[in-house]
Amino acid sequence: MRIALFGGAFNPVHQGHVEIARAAADRFRLDRVLFVPSGAPPHKSPDEQADYESRYQMVEAVCAVDPRFEPSRLEDPQNLQGRPSYSYDTLQRVRQTLAPDDELFFLLGADAFRDLTIWYRLDDVVRLVEFLVVSRPGESVDPLPHQAVKYRLLEDVQNPTSSTEIRRRAAEGRPLQPDVPAAVEQIIRSRNLYAMPLQIRPVGPDDHDEIIQMVTAAFTPITFFPAMEQQFGAPNNVDWKTRWRLRLEKALAEQICLVYAPSGPIQAFTSSKIDPATRIALLDLLAVAPDLQGKDLGRRMLRRTLQVLKTKGAESCELECLTTNENANRLYQSEGFTEMARLIRWYKPL
């Protein structure tokens with residue numbers, strides 16, 4: 001069997017990728033082309049990248065057009081557990097699943113081929129795979145990135161489509177077809193991918209009451225305070241909503257508090273602080289209005305908050321999240337956070 005890995009950010013996958021994969025499959029008699037969305041590339045920033053799951057589902061939609069195409073989770077961040085995704089590791093995992101006489105290829109563009117010199121464990125990579133290099137007619141790939149590299153050229157594929165241009169058009173609300181299939185555009189629109197960065201602002205004194213009301217409503221389904229009160233009663237006759245209000249008032253007085261309120265009502269809120277000694281930012285609260293949850297607003301608010309914290313001197317960020325809050329934990333993992341520990345909160349009336 002002849003198998004090619006076609007890796008990349010696929011941010012988003014587009015018609016040019018489809019034409020390249022189809023031409024390579026035809027020219028080199030490939031039985032399978034595995035589309036491998038990158039997980040956490042060590043040389044790229046995630047700031048403008050759609051989350052992994054959205055990129056995988058766009059690839060999944062594209063692979064339906066040709067039976068030789070397969071979506072692959074080889075670089076799924078959940079499997080990598082926060083580690084960067086190196087092509088050497090991916091190739092090793094694939095090679096271990098193949099029969100001895102199977103042939104393994106790696107499909108990539110000429111620019112990426114020339115950049116092989118910076119790849120992790122390149123000496124080992126070139127022994128594992130033969131490269132299929134997409135190049136313009138007459139384009140040279142010299143000097144070769146490694147003296148032992150094996151490669152073949154795919155020269156007659158025209159690929160004028162640009163992922164950068166597609167992201168720009170998506171942000172401006174312009175049509176994306178025919179450069180992306182209809183199913184890919186539907187994913188982009190439904191999840192508000194590549195939207196312009198949120199215009200957030202610091203909290204003002206007049207926002208406090210609205211923030212307390214919105215955040216309390218947002219956390220009502222997930223916080224353990226109501227269950228604790230139901231089982232043991234209100235401690236010192238202070239009900240759980242009052243405890244939330246007191247916590248929020250303390251955060252509003254002491255922390256970096258940001259809101260997203262594009263048309264009046266506050267839609268999202270974060271509070272955080274930075275330890276000056278370690279430059280670690282603690283993201284204390286991230287809340288989205290209940291009627292806007294599940295629409296990717298939390299992800300966009302998280303990214304903008306991290307950008308603000310970075311400008312204020314933070315070099316890393318930590319946070320705590322209940323294990324029962326599965327949606328939030330998936331969000332943080334998909335944004336590159338690594339799980340460090342699990343805590344149990346105990347309580348006993350005295």
**Prompt:** Taking only pairs six or more apart or across chains, which ones have beta-carbon atoms under 6 Å, a first residue in segment 279-295 that is under 16 Å from C321 (Cβ atoms), and a second residue that is β-branched (V, I, T) and assigned to a loop (DSSP other than H, G, I, E, B)?
**Reply:** none
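Yes/no per residue for (1) assigned by TED's automatic domain parsing to the domain that holds A170; (2) free of Cβ contacts under 8 Å to residues at least 12 places away in the same chain:
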site	(1), (2)
V184	yes, no
D209	no, yes
T223	no, no
E229	no, yes
R243	no, no
**Prompt:** Hey, S263 hits all of (1) in the same structural domain as R304 (by TED's automatic domain parsing); (2) within 29 Å of A314 (Cα to Cα) but one; which does it fall short on?
**Reply:** (2)
**Prompt:** Residues F225, F219: which one is among the hydrophobic types (A, V, I, L, M, F, W, C), at pLDDT below 95 and in contact with a helix residue (DSSP H, G or I) (Cβ under 6 Å, 6 or more places away or on another chain)?
**Reply:** F225
**segment 162-178, subset within 19 Å of E19 (Cβ to Cβ) and not in a helix (DSSP H, G or I), residue modelled with the highest pLDDT** = L176
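Let's see how each residue does on (1) under 26 Å from E53 (Cα atoms); (2) touching a strand residue (DSSP E or B) at 6+ places or on another chain (Cβ under 8 Å):
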| position | (1), (2) |
| --- | --- |
| E229 | no, no |
| E254 | no, yes |
| L258 | no, yes |
| T305 | yes, yes |
**Message:** For segment 61-118, which positions are free of Cβ contacts under 8 Å to residues at least 40 places away in the same chain, closer than 18 Å to E19 by Cα and surrounded by 19 or more Cβ atoms within 10 Å (Cβ to Cβ)?
**Reply:** C63, P71
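The values are calculated or read from the model by the stated rules, or taken from the named source; none is laboratory data. Worth saying up front: this structure is predicted, and the values here are computed from it rather than measured. Backbone-built Cβ (ideal geometry, glycine too); neighbour counts: all protein chains shown.
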